[in-house]
Structures are given as structure tokens and as C-alpha cells.
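Colleague: If you scroll down you'll find the structure; I have some questions about it.
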Amino acid sequence: MHEVSIMESALESAEAHARKQGAARILRMGLRIGDASGVVPDALEFAFGAVTDGTMAEGATLEIERVPIAAWCAACNAEFAPPDILACCPTCGAFSADIRRGREMQLSFLEVE
Amino acid sequence: MSSRLIEVTEALLEKNDERAAANRELFRRHGVLALNIVSSPGSGKTEFIVRTLKDLHGELRFGVIVGDCETDNDARRLRVTSAPVTQITTGGYCHLEAGMIARAAEGLDVAALDILIIENVGNLVCPASYDLGEDVRIAMLSVTEGEDKPLKYPVIFRSANVVIVTKMDIAEAVGYDADTARANLAKAAPAALRFETSARSGAGMDVWYDWLRARVQTVR
């Protein structure tokens, strides 16, 4: 469970952005989390409540946009969406290690006042 | 006061990544090869490192940073040669972060080392997300864990440059199926180099040492 330390790091960045904008509070925080990031969105939600207490983001809403895994099949010259990174092309069955998306762990937006 | 939206695209572990880059810069400046060893608990990381330290003592200068949730048992086991060992007790943290390595490195004379071995906390999930500034990430798999471990934890195995299978001396006794394990590793970590070793019998260790000797030359 490393979601708490990831949220602490995210909050640190978010507060820095908010302060730079002269904001007093963070109302909403958006994250982009890939399905192959190794991070569990539910655990992030839980951690968010715990780490924001007494900060600029206390009471803020967390919005998590999940990014599905996208792999590339060189034989078919096409992208496909496997359930995990052990990806086999649904068309030709070839294994692909070329993961194009799904590893994201990003802060995407903030709503501040 | 009205609310406003700020668009940002920033890695959640930006701070860790910055610290990792600073560690990498430090290691480069001193020509030190940094290895980050990850695995599940009990897969034989410490035993493997101890054997390596003993066998290459006098030939390569090692330093070790070892992370555990509690106790300094591993650090004591690792003090078998004159190689400096620094224990990080994470107090429940399930992984090492780049900042912890930076602080631990201050207590080591990095300039006097050829190789810095970082033994991560035993865990196949969390350490995958944290760049420590290492040159090589090594994932270990012991023969007792089951050949499908790489398929259960593909993210960390995919992130490794090297995979070391350990405890090969008891492979037969525990019914380890080497072919299945190799096939699974080819899927989870297709680009990784693979070594099959036993720190107890010494089998396969020479191949690992040859690779290490060659790899350390590339950072000098």
C-alpha cells in the first residue's frame, strides 16, 4: 500500500500549484491513473481523505480518470486494449510488450479559489 | 471569491523522480554502478548479496543500502566483508524512495565505491513505482514462489532490466518447472536479462559476476 505516500506527493505538488496561483483553497483535484500503473484508485481515494486533513485541500473532491491499457500489435499495425500488460493481440494472437498507454500517474487539474 | 480551474500535467511522483535524477547524477559523477534489487519477502535477496560481497571481495568495492520495515537484521547479515552497509528502517513504509537513498548515501563514501547495491523492501507491488536513481533494476524470483509469480506481478517484472532466479539448488525438491518459469518471464519481462543462480551452492554465480564486471566498466 504505497497510495498514501503517492497522495502525499500529489498533495505537495497541488498545494504548490495552488499557491503559485494565489489561491487559498483547493476545491477539486483531478488525477489520471493508468490501469497498469500499479496503483489502486480506491486506495488513493482512501488516502486522499487521510492526507488532506488540515491542508488547503481539506474537504476537496478527488476525481480519478482511469486510463485503460493500450498495446500495439506490430503485425496488425493496430492498437488494442488488453486487460493487463501481458498483452496478446485479439486479432492475430501475437504477444506484444509495446504498451503505449496505461502507466499514467498524473495530476491533471485543480479547481481552486 | 470565484473558483477557477488550473490545468496541469505533472507526474504524481515528480518529487521522487527529481530526487532520483539527483541520485543518478551523483552516481555518474563518481562512476558508481547502482543496482536496485526488488523481490517478494524471503526470495533470497540478502543471501544473494552476501555471497556476491564475499566472492568479489578485494576485486570490486561494494556499498550496500538495505531497506526493511523493521529491524537491522539484514544489515548485520550483510556486514560480512569490509563493505559499508547502511540500514534504512522504513517504519512500515512498503518501499524505498529516492529521498531515503539520498540521505543514506550521505553516510557512505560514494566516491570510494564501484557498485552500490540497494536491497529494497520485500514487496512486489509498491517498489515498482519508485525510481531510486539506479542504473539497473533487478527483480528476483525464488524457485519456492511458484513459476507464475511474474504473471501475478507483471508490472514490477516488466520494470526490471535483469531477472535473477534464486535458490536453484532446491529447484528439484520443490518441483520447480524451469521451462514454465522461463516462458512466464519471457512474457512479463521480455527485455530483461535472466540469470539462474544458487547463492548457497554457487551455481550460476560466475555468470552473474562476469556480467557485473562488464557492466561496471560501462559507468566508469
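The values are calculated or read from the model by the stated rules, or taken from the named source; none is laboratory data. Computed from a predicted structure; not experimentally measured. Counting neighbours? That spans all protein chains shown, and the Cβs are built from the backbone with ideal geometry, glycine included.
Matching residues to (1) free of Cβ contacts under 8 Å to residues at least 24 places away in the same chain; (2) within 14 Å of chain A (Cβ to nearest Cβ):
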| position | (1), (2) |
| --- | --- |
| B:VAL66 | no, no |
| B:LEU78 | no, no |
| B:GLY91 | yes, yes |
| B:HIS95 | no, yes |
| B:GLU106 | yes, no |
| B:ILE115 | no, no |
| B:GLU119 | no, no |
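Residues are listed down the side, and each one gets a yes or a no for (1) crowded, with 24+ Cβ neighbours inside 10 Å; (2) under 24 Å from B:ASN73 (Cβ atoms):
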site	(1), (2)
B:THR90	no, yes
B:ALA98	no, no
B:GLU119	yes, yes
B:ASN123	no, yes
B:ASP131	no, no
B:SER159	no, no
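Colleague: Under the condition of being out of contact with any helix residue (DSSP H, G or I) (no Cβ under 7 Å at 6 or more places or on another chain) and surrounded by 16 or more Cβ atoms within 10 Å (Cβ to Cβ), which residue from segment B:106-115 is modelled with the lowest pLDDT?
Modeller: This residue is B:LEU108.
Colleague: For segment A:75-85, enumerate the residues that are surrounded by 14 or more Cβ atoms within 10 Å (Cβ to Cβ), hydrophobic (A, V, I, L, M, F, W, C) and closer than 16 Å to A:ARG101 by Cβ.
Modeller: A:PHE80, A:ILE85
Colleague: Just give me the residues in segment A:46-63 being loosely packed, with under 15 Cβ neighbours inside 10 Å and of a type in the set (A, V, I, L, M), in sequence order.
Modeller: A:ALA50
Colleague: So which of A:ALA24, A:ALA43 is over 30 Å from B:LEU151 (Cβ atoms) and either among the aliphatic types (A, V, I, L, M) or surrounded by 13 or more Cβ atoms within 10 Å (Cβ to Cβ) (or both)? Spell out how you get there, then give the answer.
Modeller: Working: A:ALA43 fails: over 30 Å from B:LEU151 (Cβ atoms).
Answer to the check: A:ALA24.
Results for (1) over 24 Å from A:ALA16 (Cα atoms); (2) without any contact (Cβ under 8 Å) to a residue 24 or more places away in the chain, shown as yes or no for each residue.
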| site | (1), (2) |
| --- | --- |
| A:ALA47 | no, no |
| A:ALA57 | no, no |
| A:ALA60 | no, no |
| A:GLU63 | no, no |
| A:VAL67 | yes, no |
| A:ALA70 | yes, no |
| A:ALA78 | yes, yes |
| A:ALA81 | yes, yes |
| A:LEU86 | yes, yes |
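Colleague: Kindly indicate which of B:LEU151, B:LEU60, B:LEU141 is surrounded by fewer than 22 Cβ atoms within 10 Å (Cβ to Cβ), in contact (Cβ under 8 Å) with a residue 12 or more places away in the chain and closer than 30 Å to A:ALA97 by Cα.
Modeller: Unique residue meeting the criteria: B:LEU151.
Colleague: Also: Within segment B:24-31, can one find any residue that is in a helix (DSSP H, G or I), within 14 Å of another protein chain (Cβ to nearest Cβ) and more than 20 Å from the chain's Cα centre (by Cα)?
Modeller: Filtering segment B:24-31 for residues in a helix (DSSP H, G or I) gives B:24-29.
So of that shortlist, the ones also within 14 Å of another protein chain (Cβ to nearest Cβ) come out as none.
Scanning segment B:24-31, I find no residue that is in a helix (DSSP H, G or I), within 14 Å of another protein chain (Cβ to nearest Cβ) and more than 20 Å from the chain's Cα centre (by Cα), so the answer is no.
Colleague: Which count do you get for residues in segment A:75-106 that are part of a loop (DSSP other than H, G, I, E, B), of a type in the set (A, V, I, L, M) and away from chain B (no Cβ under 13 Å)?
Modeller: Residues that pass the stated criteria total 2.
Colleague: Something else now. Being among the aliphatic types (A, V, I, L, M) and touching an Asp or Glu at 6+ places or on another chain (Cβ under 7 Å) is true for just one of A:ALA81, A:ALA75, A:ALA18, A:ALA47. Which residue is that?
Modeller: Every option except A:ALA47 fails the conditions.
Colleague: Which ones in segment A:32-48 are facing chain B (nearest Cβ under 8 Å) and touching a helix residue (DSSP H, G or I) at 6+ places or on another chain (Cβ under 7 Å)?
Modeller: Correct list: A:ALA36, A:GLY38, A:VAL39.
Colleague: Right, something else. For segment A:18-70, enumerate the residues that are under 23 Å from A:LEU86 (Cα atoms), assigned to a loop (DSSP other than H, G, I, E, B) and out of contact with any His (no Cβ under 9 Å at 6 or more places or on another chain).
Modeller: Hits for segment A:18-70 are A:ASP35, A:ALA36, A:SER37, A:VAL40, A:PRO68, A:ILE69.
Colleague: Right, something else. Sort out which residues of segment B:41-80 are aromatic (Phe, Trp, Tyr), under 21 Å from B:GLY107 (Cβ atoms) and part of a helix (DSSP H, G or I), and write them in order of number.
Modeller: If the condition is that a residue be aromatic (Phe, Trp, Tyr), under 21 Å from B:GLY107 (Cβ atoms) and part of a helix (DSSP H, G or I), then no residue fits.
A quick yes/no check of all residues on (1) within 14 Å of chain A (Cβ to nearest Cβ); (2) closer than 28 Å to A:ILE99 by Cβ; (3) among the polar types (S, T, N, Q):
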site	(1), (2), (3)
B:ASP131	yes, yes, no
B:GLY146	no, yes, no
B:VAL155	yes, yes, no
B:MET168	no, no, no
B:ASP177	no, yes, no
B:LYS187	yes, yes, no
B:PHE195	no, yes, no
B:VAL207	no, no, no
B:ARG215	no, yes, no
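Colleague: Within segment A:1-30, how many residues turn out to be touching a residue at least 24 places away in the same chain (Cβ under 8 Å) and facing chain B (nearest Cβ under 7 Å)?
Modeller: Residues in segment A:1-30 being touching a residue at least 24 places away in the same chain (Cβ under 8 Å) and facing chain B (nearest Cβ under 7 Å): 8 in total.
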